[in-house]
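First comes the structure, then the notes that go with it.
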Amino acid sequence: METPPINTIGEKDTSQPQQEWEKNLRENLDSVTQIRQQPRDPPTETLELGVSPDPASQILENTHGTEKLVAELEGDSHKSHGSTSQMPEALQASDLWYCPDGSFVKKIIIRGHGLDKPKLGSCCRVLALGFPFGSGPPEGWTELTMGVGPWREETWGELIEKCLESMCQGEEAELQLPGHSGPPVRLTLASFTQGRDSWELETSEKEALAREERARGTELFRAGNPEGAARCYGRALRLLLTLPPPGPPERTVLHANLAACQLLLGQPQLAAQSCDRVLEREPGHLKALYRRGVAQAALGNLEKATADLKKVLAIDPKNRAAQEELGKVVIQGKKQDAGLAQGLRKMFG
């Protein structure tokens, strides 16, 4: 058997192509290693304030204020570069929580422990500081029961309840409110008792709670507090919407009552939507037809308003409110036509 020739010194090296290939390979591996060793910027996340079609989100339309709020909480963009360990803990994405309806942004100052959060019926020991509302919670420690009590009817009540639903025991947080230029509101949840999720309630329990909310809402409406009444009606609807279809008939009354509140609060678009829910179940519901007609007139949809009001008068010809509203719509339509005619004359005259 022949052995392959061995190159001796001075002879031509036939393995040079192989050596060049190995040299290039080593250089490429070195360059890859250098790239891997170079510091890289930490990944950044785009945090946007979520917008929900919930009625509460329709009230808060301060986009500029929201963008400014997010910028203040997240810090300047040039501060986000550098190692992750150098980033302040308060600016971590996991420490910011955006309320789905856009009413506030929560920044966690001290993390709580455990995974449980307050539920319906939980008695919470809370420290609230710095609320801007004149009728805000008392400064210092107070006890609030989730889903129960007149405190939920206050301007600040719904906001605190939504925040507590997102907090763990021992958590301390700051709340940034769109349009509020003062210092942030601070909320601490020291402890809470065990509660129940809405899905854990029996049908009879949900219906009983919804009746209580409806009765309280009617009291507030009669007392001249449509905002508080709307919150009660909304909570009652949320309870009943979790029941299997078609749901109890009380939903129709609640939507109709909510529409009345929304009209008084200057929310015709929401009022029209609430009336739609009623008329889907009862097409001849007089109050819903009338209130939707008023809402459509406020939105400038005069033909739709006229159609709804005429339906009311077809069922109840002596309905004075519908007669007066239809008269207003007719006058509004004539003014609109006159303005259009004048504009056309200027354009083509």
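The values are calculated or read from the model by the stated rules, or taken from the named source; none is laboratory data. Please read these numbers as outputs of a predicted model, since none were measured by experiment. All Cβ positions, even for glycine, are placed from backbone atoms using ideal geometry, and neighbour counts span all protein chains on display. Areas reflect the complete protein model, heavy atoms only, side chains present, ligands, DNA and RNA absent. Shrake-Rupley method; radii C 1.70, N 1.55, O 1.52, S 1.80 Å.
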What's the number of the condition LEU187 fails, among (1) at pLDDT 85 or above; (2) under 19 Å from PRO137 (Cβ atoms); (3) part of a loop (DSSP other than H, G, I, E, B)? (3)
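Here's the yes/no breakdown for (1) touching a residue at least 40 places away in the same chain (Cβ under 8 Å); (2) among the aromatic types (Phe, Trp, Tyr); (3) closer than 17 Å to LEU220 by Cβ:
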| site | (1), (2), (3) |
| --- | --- |
| LEU237 | no, no, yes |
| LEU240 | no, no, no |
| GLY247 | no, no, no |
| VAL253 | no, no, yes |
| ALA260 | no, no, yes |
| LEU263 | no, no, yes |
| GLY266 | no, no, no |
| LEU270 | yes, no, no |
Subset of region 154-164 (residues that are open to solvent by 30 Å² or more (accessible area, probe 1.4 Å) and either on the phi > 0 side of the Ramachandran plot or outside any loop (DSSP other than H, G, I, E, B) (or both)): GLU158, LYS162
If you check every pair at least six apart or on different chains, which have Cβ atoms under 8 Å apart with a residue in region 205-216 that is more than 15 Å from HIS255 (Cβ to Cβ) first and a residue that is open to solvent by 60 Å² or more (accessible area, probe 1.4 Å) and outside any helix (DSSP H, G or I) second? LYS206/THR242
Please verify whether LEU120 is out of contact with any Asp or Glu (no Cβ under 6 Å at 6 or more places or on another chain) and surrounded by fewer than 20 Cβ atoms within 10 Å (Cβ to Cβ), treating the condition exactly as stated. yes
Checked against (1) of a type outside the set (Val, Ile, Thr); (2) surrounded by 14 or more Cβ atoms within 10 Å (Cβ to Cβ); (3) at pLDDT 90 or above; (4) farther than 26 Å from GLU212 by Cβ, ARG251 satisfies every condition except (4)
Would it be correct to say that THR193 is free of Cβ contacts under 8 Å to residues at least 24 places away in the same chain and either under 25 Å from GLY228 (Cβ atoms) or of a type in the set (S, T, N, Q) (or both)? no
When region 184-194 is examined, which residues are found to be touching an Asp or Glu at 6+ places or on another chain (Cβ under 9 Å) and either open to solvent by less than 30 Å² (accessible area, probe 1.4 Å) or not polar (S, T, N, Q) (or both)? PRO184, VAL185, ARG186, LEU187, THR188, LEU189, PHE192
Can you name every residue in region 202-248 that is of a type in the set (Phe, Trp, Tyr) and open to solvent by 30 Å² or more (accessible area, probe 1.4 Å)? PHE221
Provide a single number: the residues in region 123-136 that are more than 27 Å from ARG211 (Cβ to Cβ) and surrounded by 18 or more Cβ atoms within 10 Å (Cβ to Cβ). 4
